[in-house]
1. Considering the stretch 138-161 alone, what residues qualify as being under 22 Å from Val202 (Cβ atoms), surrounded by fewer than 20 Cβ atoms within 10 Å (Cβ to Cβ) and more than 13 Å from the chain's Cα centre (by Cα)?
2. Check the stretch 175-186 and report whether any residue there is surrounded by 14 or more Cβ atoms within 10 Å (Cβ to Cβ), free of Cβ contacts under 8 Å to residues at least 12 places away in the same chain and under 20 Å from the mean Cα position of the chain (by Cα).
3. State the number of residues belonging to the stretch 28-77 that are over 26 Å from Tyr99 (Cα atoms) and in a loop (DSSP other than H, G, I, E, B).
4. Restricting the search to the stretch 84-137, which residues are aliphatic (A, V, I, L, M), more than 11 Å from the chain's Cα centre (by Cα) and either in a strand (DSSP E or B) or loosely packed, with under 14 Cβ neighbours inside 10 Å (or both)?
Amino acid sequence: MNPVVKSLSVERTLSRSADKFLMIQPTQEQAEEAVRTLLLWAGDDPSREGLLDTPRRVAKAYREFYKGYDEDPEEILDRVFEEVEGYQDMILVRDIPFYSHCEHHMVPFVGKAHIGYYPSKGVVGLSKLARLVDVFARRLQTQETMTAQIAQAIEKALKPRGVAVLVEAEHMCMSMRGVQKQGSSTMTTQYAGLFKDATEQVRFFSMVKSPGL
């Protein structure tokens with residue numbers, strides 16, 4: 001077994017709601033050594049000039065790619081503004097760009113998220129919804145899970161009368177490998193509350209796809 005893998009101490013405990021993992025995070029040195037192992041496995045020489053600093057760069061990049069694990073969606077949505085002069089209609093933030101990484105192959109998928117909700121007791125700052133997308137995108141993901149997580153976080157924090165999330169993305173695991181179909185896209189949706197009604201779904205989708213300004 002790889003010594004890097006052996007050095008990880010992982011304890012798994014089961015709960016009724018989900019599997020919980022208690023993990024000792026590898027050191028920077030262990031992460032860099034793992035990258036060197038992959039470079040060797042790919043057929044290159046990690047000691048050559050062009051790759052000498054690659055392990056450090058990759059480890060640094062991973063901290064940025066997956067920083068969502070260190071962020072709490074509840075903290076992002078914790079401030080609600082109630083003084084909205086009785087506004088009760090849909091709030092839509094569309095075309096929120098994101099990139100994430102497929103948990104199956106660890107290659108990127110890139111796209112846009114669109115979030116709509118009917119407020120109940122208040123609203124959050126519009127930028128908070130964009131930050132919420134990043135919290136879940138900056139993790140190893142499937143698009144389906146990410147879509148559901150965004151909607152569930154909004155439901156839990158805001159308790160809106162309805163929430164709708166539409167995510168569309170191109171997956172590099174489908175474009176770069178396997179069937180290699182560049183340009184194909186995947187669309188996922190999650191609806192709750194008022195958006196369970198088909199009429200509201202049509203309105204949401206029409207607003208997302210309208211020409212805009």
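Computed from the coordinates by the stated procedures, all read-outs in this text should not be read as laboratory data. Just so you know, these numbers come straight off a predicted model, no measurement behind them. Using ideal geometry, Cβ is built from the backbone for each residue, glycine included, and neighbour counts are taken over all protein chains shown.
1. If the condition is that a residue be under 22 Å from Val202 (Cβ atoms), surrounded by fewer than 20 Cβ atoms within 10 Å (Cβ to Cβ) and more than 13 Å from the chain's Cα centre (by Cα), then Glu155, Arg161 are the ones that fit.
2. Yes.
3. So the count comes out to 7.
4. Val84, Ile91, Leu92, Val93, Ile96, Met106, Ile115, Val123, Leu126
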